Amino acid sequence: MQALGVHDVFGIPGDFVLGFYGMLEKSPIRIVGTCNEQNAGYAADAYARINGIGAVCVTYSVGGLSLVNPVAGAYAEKSPVIVISGAPGVEERAENLLLHHRVGAFSTQLEIFERITVAATCLDDTLTAFREIDRCLDAAVAQKRPVYIELPRDRIDAVPTHQEVAAAATLESNAAALKEALREASDLIGRARRPVTLAGVEVHRFGLRKQVIAFAERHRIPICSTLLSKSVVSELHPLYIGVYEGAMGRAITRRYVEGSDCLIVLGAFLTDMDLGIYTAKIDPNRCMLASSEDLRIHHHHFHDVLFPDFVNALLNAEIRVRARALPRTARRAPTVYAPAAKKKITNKRLFERINELLDEHTVVVADVGDSLFGASDLVIHRDSEFLSPAYYTSMGFAVPAAVGVQVANRGLRPLVLVGDGAFQMTGMELSTAVRLKFNPIVIVLNNKGYTTERFLQEGPFNDLQEWRFHALPAVFGGGIGMEVRTEGELEAALVTALEQRDTISILNVHLARDDISPALERLTNTLRQRI
Ligand SMILES: Cc1ncc(C[n+]2csc(CCOP(=O)(O)OP(=O)(O)O)c2C)c(N)n1
Ligand SMILES: [Mg+2]
């Protein structure tokens, strides 16, 4: 794990994993404790998105099963998280003891994780254990998805019984298939009048950002991202034309993408969230789709071509593109935000203000709900400065993810956008940020309940007990909390928050319960009839 770049492991100990925790403690890998295991999973996922790979280590069942939701999210959104779980010893299992934490068969947890990881194993056999570790770690690296390693507590001292020879299982593309795919792709791009690149999340996960940008620059092809891959390309890049998300996105991006005669989709999975809940209109006859799972050029499917190989080959291909006009830049003219001190703060104005705040050290971490929809319109300065569970959309991701971000890189400052509902799920993890002297700025969009859901179906089930979010630092024993009702109060609170270099800030921003972001407004306008 160290060789792969894992320097920290999130989790909570328990008797089935205590022995291994003792070993970790003596290793260079740092253990980062969290308030619960679900949060450890979110933190490890965010750490993996920043660092390239992450890990979480927990006890059997009570810990492991709490990881199911965040690990499922990491699987869905391609984030390589190594899950290590302690477990009953092999000798204990033989006696079939009714040990605590046991749920049915001893293998229950392993079987569950087999469904939400790309490799899962129980290290119950010393003869195969070391090869199994390699198999799982290799799968995480190659497929950018979680893996599961179960550690029976009486096997942690096992040493290899024989010399391990690392398998040279390097996958290679089929050269002829790659050549043919490239010829077809180059030909279509060369003939296109309006090519556009849609850069998806795998461009980030496989470390191909530079290549994709170089390809766009070489042929002067505009680039857009999906909601999940937002900021994969700096949103200030002159060729960047915005987030494409069907009706939810901005019209200028939508028109350009849907009017393209050659849409080059790289590493994107066309999910309903990425397509504005299927309001997108993309014609497969004008598309090429390359990802780690598929390579499709119009209706031709190519097999055995690795995604990074295709992207690299595309970058180096001699393509003679037609002369064509570039789109009017989709970037908005910089707005000058002038606060009106007494005016009540609204969702729209809040996001306009946040947009001015962003710099290259800020990582925007957006939770599910209008935090995500509103954030989709922000202009993110650098590459990969935006994290959100934008496809799996599990509420409660953002606060623990912000901890993961700063464990991975203390030089980044998370700006957390989180709804009152999502905060109530996992907000306690801020206590870990206080303990570690981290400095996230947490903006709670306190719109008095599940506003996104209210727009789908109103009912008392969308109401919440209103928390005094700004009072939480007193509970955590650190940090500062501020209440914001007006534009003037927002200014003052942001100034105070920005000055805090070594503790958390919580802004309890009061919004009306039906005050929604322009992006959600655009989406609901289009969807209203269908709903
Ligand atoms: C873990 C989880 N439970 C339930 C949902 C369904 N859901 C989607 S949005 C939403 C409401 C979000 O409320 P809040 O965090 O206050 O954000 P708002 O919509 O008010 O901006 C709910 C319950 C979900 N996405 N994730
Ligand atoms: Mg809310």
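Would you mind working out the magnitude of the charge dipole of the stretch 72-194 relative to its Cα centre, with +1 at each Lys and Arg C-beta and -1 at each Asp and Glu C-beta, to the nearest 20 Debye?
I would put it at about 960 debye.
For VAL416, enumerate residues with amide H under 5 Å from its amide H, sequence gap 5+ or separate chain, H modeled in the peptide plane.
Amide H to amide H, under 5 Å and 5 or more residues apart or across chains, VAL416 pairs with VAL365, ILE441, VAL442, ILE443.
Just the number please: accessible area per residue for the chain, 1.4 Å probe, all protein chains included, in Å².
The answer is 42 Å² per residue.
Counting only protein chains, not ligands or nucleic acids, how are PHE269, PHE423 ordered by accessible area (probe 1.4 Å), most first?
Heavy-atom accessible area, descending, gives PHE269, PHE423.
What are the aspartates and glutamates whose alpha-carbon lies under 19 Å from the alpha-carbon of LYS210, with same-chain residues fewer than 8 places away excluded?
GLU202, GLU235, ASP309, GLU318, GLU360, ASP383, GLU385
For the stretch 333-438, with the dipole built from +1 on Lys and Arg beta-carbon atoms and -1 on Asp and Glu ones, taken about the Cα centre, which of THR432, PHE397, ALA408 lies farthest toward the positive end?
THR432
Among VAL118, ILE297, SER107, which residue has its Cα furthest toward the positive end of the charge dipole of the chain, with +1 on Lys/Arg Cβ and -1 on Asp/Glu Cβ?
Of the options given, the answer is ILE297.
Residues with beta-carbon under 14 Å from that of VAL321, excluding VAL321: net charge, scoring Lys, Arg +1 and Asp, Glu -1?
So the environment of VAL321 carries a net charge of +4.
Based on the mean of other beta carbon atoms within 10 Å per residue, what is the order of 432-441, 457-466, most packed first?
432-441, 457-466
When all protein chains stay in place, what accessible area (Å², nearest 10, 1.4 Å probe) is found for ARG93?
Accessible area of ARG93: about 50 Å².
In debye, nearest 20, what is the charge dipole magnitude of the chain about its Cα centre with +1 on Lys and Arg Cβ and -1 on Asp and Glu Cβ, if you could check?
Dipole about the Cα centre, nearest 20: 2320 debye.
Please label the shape of the chain as rounded, prolate or oblate, based on the square roots a ≥ b ≥ c of the eigenvalues of the alpha-carbon gyration tensor (a/c under 1.5 means rounded; beyond that, a/b larger than b/c means prolate, else oblate).
Here the chain falls in the oblate category.
For LEU98 and HIS299, what does the FRET efficiency come to when R0 = 56 Å and r is the distance between their Cβ atoms, rounded to the nearest 0.05?
Efficiency, from the Cβ-Cβ distance: 0.45.
Which helices count as membrane-span-like in the chain under these terms: full DSSP H, at least 27 Å along the axis by C-alpha, Kyte-Doolittle mean of 1.6 or more?
Both cut-offs are met by no helix.
Relative contact order of the chain: what whole-number percent is it, with Cα pairs under 8 angstrom and at least 6 residues apart?
This gives 13 percent for the chain.
Hey, if you put +1 on the Cβ of every Lys and Arg and -1 on every Asp and Glu Cβ in the chain, which of SER173, ASN316, SER371 ends up farthest toward the positive end of that dipole?
In the chain, that residue is ASN316.
If you average the C-alpha positions of the stretch 467-531 and of the stretch 385-419 separately, how far apart do those two centres end up, in angstrom?
15
So, in nm, how far is label ARG485 from label LEU236 when the simple model puts each one 7 Å beyond its Cα toward the Cβ?
In this crude label model, ARG485 to LEU236 measures out at 3.7 nm.
The values are calculated or read from the model by the stated rules, or taken from the named source; none is laboratory data. Worth saying up front: this structure is predicted, and the values here are computed from it rather than measured. Quick reminder, even Gly has a Cβ in these numbers, built from the backbone with ideal geometry, and neighbours come from all protein chains shown. Note: areas computed on protein heavy atoms with side chains; ligands, DNA, RNA excluded. Shrake-Rupley method; radii C 1.70, N 1.55, O 1.52, S 1.80 Å.
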